[in-house]
Amino acid sequence: MSEANNSNLDLAVSIAKETSIFKVITDYNSFLSKQLQSGVKSPMTIKKYKSFLNHLSRFLKNNYDQLTLGELNETILLNYFSTCSGRKSITLSSTTQNNYVAIINAMMKYALHYDLSPKDYTFKFPRKIESQLPRYLQDHQIQSVLSNALQQTHGYRYQAIILFLLHTGCRLSEVSNIQINDFNVEDNRILIRNGLGHVYRYIPMSLEVKEVILDYLQLTGVSEWNPNLEGFLFSQDYGTNRQKQIAPRSIQHMCKTIFDKAGYTNLTVNSFRHTFAVRCLKAGMPIYHLSQIMGHSNILTTCNYVQLIPRDSNHIGGM
């Protein structure tokens, strides 16, 4: 390599080392906003990314106010983790730390792609080794969760939401956005709006879901379903004028309360989605069909559930 080329490389590395980490965070936040607008990532994912990055930025400004991109390392990140607390302990779980590391690495790849960095710095931030297999509910846990749901205020509503989650595999945001007329009892299918990437899809309606939701609608003032009904299926309103949806955050909080009361602190709302996938595979559903129902853009995501089957000797009934 010529002396001139060496000089150019040294200059590029020097520039990267002098690039403020705060500029990179600011630029990446703007990039995330564009991803939200284009539907590349879900609103909840973008919110988590930005919340972490903004919190990290405040920590860095208080402790490393002249920090450059090249100077950010695992030691600094671990110092940041030591100032955070988890929901159930004074320290962050390995899963949460891995999620934060994944965001850092995504930002580093962004910096590389947009010439804010001369090299890929993701090697600096290794993930903790842990099982990444999805957590799902066993039969006895399902019964316990449903029983605890009924004991809550508006328990009939939350039991209906949980059964819907268990028997459709929908994402939390998708359940919150479902309209009454999306739940088509004539065609026995459900229109899922605002899926990941803003792609709509139809999923089959099981007999159990149909009966549960029709009962729920009667309890909330809709005596008879018809395709002209508008408004949210899961609503705070009573009757046919259903303008106030049950927000994803409310469902999330409700499920956490129920899980905590039942003693299942390692489960989340997504555990219902995982349970649906495992039960479908055990019932013999083709993985490609399951992938379409769940709205996975990559079938490899669906394949993760296959790993759970041989690990569990207890049969779970089909859907």
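How far is helix 155-168 tilted, in degrees, relative to the longest principal axis of the Cα atoms in the chain, given as a value from 0 to 90 rounded to the nearest 10?
Result, in degrees: 70.
Which value, in Å to one decimal place, does the Kirkwood hydrodynamic radius take for the chain when every pair of different Cα atoms is included? Don't jump to the answer; show the numbers that get you there.
On the way: mean 1/r = 0.0448 Å⁻¹.
For the chain, inverting the mean 1/r across all distinct Cα pairs yields 22.3 Å.
Find out how many positive minus negative residues lie around Phe232, taking Lys and Arg as positive, Asp and Glu as negative, among other residues whose Cβ is under 10 Å from that of Phe232.
Net of charged neighbours comes to -1.
Take Thr96 and Val199, extend 7 Å from each Cα along the Cα→Cβ direction, and tell me the distance between the two endpoints in nm.
3.3
For Tyr264, what accessible area in Å² do you get when you roll a 1.4 Å probe over the heavy atoms of the protein chains, rounding to the nearest 10?
The value for Tyr264 is about 40 Å².
What's the FRET efficiency of Lys261 with Phe123 using the Cβ-Cβ distance as r and R₀ = 35 Å, to the nearest 0.05?
0.20
Quote the charge dipole size of the chain about the Cα centre in Debye, to the nearest 20; the model charges only the Cβ of Lys and Arg (+1) and of Asp and Glu (-1). Mind showing how you got there, number by number?
Values: 32 positive and 23 negative charges, 99 e Å.
Computed charge dipole of the chain: roughly 480 debye.
Would you kindly calculate the mean projected area, averaged across all directions, of the convex hull enclosing the Cα atoms of segment 108-238, in square nanometres?
With the hull built on Cα positions only, its mean projection is 12.2 nm².
In the neighborhood of Ser297, defined by Cβ-to-Cβ distances under 14 Å, what is the net charge if each Lys or Arg adds +1 and each Asp or Glu adds -1?
That sum, taken over residues with Cβ under 14 Å, equals +3.
Can you give the helix-only mean residue ellipticity at 222 nm for the chain, where every DSSP H stretch with n ≥ 4 adds -39500 (n - 2.57) and the sum goes over all residues, rounded to the nearest 500 deg cm²/dmol?
Calculated from helices alone, the mean residue ellipticity at 222 nm is -17000 deg cm²/dmol.
At q = 0.13, 0.18 Å⁻¹, what base-10 log of I(q)/I(0) does the Debye formula yield for segment 30-104 when every alpha carbon is treated as an equal point scatterer in vacuo?
Scattering profile of segment 30-104, log10 relative to I(0): -0.45, -0.82.
Can you list the aspartates and glutamates whose alpha carbon is less than 18 Å from that of Lys128, not counting same-chain residues fewer than 8 positions off?
Glu74
Rank Glu186, Glu211, Glu71 by mean-square fluctuation in a GNM of the chain with C-alpha springs under 10 angstrom and give only the top-ranked residue.
Glu186
At q = 0.16, 0.22 Å⁻¹, what base-10 log of I(q)/I(0) does the Debye formula yield for segment 225-273 when every alpha carbon is treated as an equal point scatterer in vacuo?
-0.58, -0.78
The values are calculated or read from the model by the stated rules, or taken from the named source; none is laboratory data. Quick caveat: nothing in here was measured; it's all calculated off a predicted structure. Quick reminder, even Gly has a Cβ in these numbers, built from the backbone with ideal geometry, and neighbours come from all protein chains shown. To get the accessible areas, we keep the full protein, side chains included, count just its heavy atoms, and leave off ligands, DNA and RNA. Shrake-Rupley method; radii C 1.70, N 1.55, O 1.52, S 1.80 Å.
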